[in-house]
1. Identify, please: which residue in the stretch 25-42 is in contact with a strand residue (DSSP E or B) (Cβ under 6 Å, 6 or more places away or on another chain) and in a loop (DSSP other than H, G, I, E, B) and is, among those, surrounded by the most Cβ atoms within 10 Å (Cβ to Cβ)?
2. Is there a residue in the stretch 47-60 that is surrounded by 15 or more Cβ atoms within 10 Å (Cβ to Cβ), at pLDDT 95 or above and not in a helix (DSSP H, G or I)?
3. In the stretch 1-24, what residues are within 11 Å of the ligand (Cβ to nearest atom) and either assigned to a strand (DSSP E or B) or in contact (Cβ under 8 Å) with a residue 12 or more places away in the chain (or both)?
Ligand code: FES
């Protein structure tokens, strides 16, 4: 699902970024460009980010 339409960023990409060390919305904006255009995705991005941060770390095979 697209979270940030302006930058074509999906929830999956956000989860991937969290696995690589992203911890805040600022980090996400800096790495993927989320919420850097119209800003409409901010709430959704924050929610997906929060879920990814609280989800148990999983290895490969969850795709
Ligand atoms: S939808 Fe993310 S900045 Fe516009």
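1. Start the filter on the stretch 25-42 by keeping residues that are in contact with a strand residue (DSSP E or B) (Cβ under 6 Å, 6 or more places away or on another chain), which leaves 32, 34, 41.
When the remaining residues are screened for being in a loop (DSSP other than H, G, I, E, B), the result is 34, 41.
On the way: 34: 29, 41: 20.
Among those residues, the one meeting the criterion is 34.
2. Step one: list which residues in the stretch 47-60 are surrounded by 15 or more Cβ atoms within 10 Å (Cβ to Cβ), which gives 48-49, 52.
Adding the requirement that they be at pLDDT 95 or above leaves 48-49, 52.
If we keep only those that are not in a helix (DSSP H, G or I) too, we end up with none.
Looking for residues that are surrounded by 15 or more Cβ atoms within 10 Å (Cβ to Cβ), at pLDDT 95 or above and not in a helix (DSSP H, G or I), one finds none in the stretch 47-60, hence no.
3. The initial filter retains those residues of the stretch 1-24 that are within 11 Å of the ligand (Cβ to nearest atom), namely 2-9.
2, 3, 4, 5, 6, 7, 9, listed by residue number.
The values are calculated or read from the model by the stated rules, or taken from the named source; none is laboratory data. In this text the structure is predicted, and so the values were computed from the model without any measurement. When we count neighbours, we look across all protein chains shown, and the Cβ atoms used for this are built from the backbone with ideal geometry, even at glycine.
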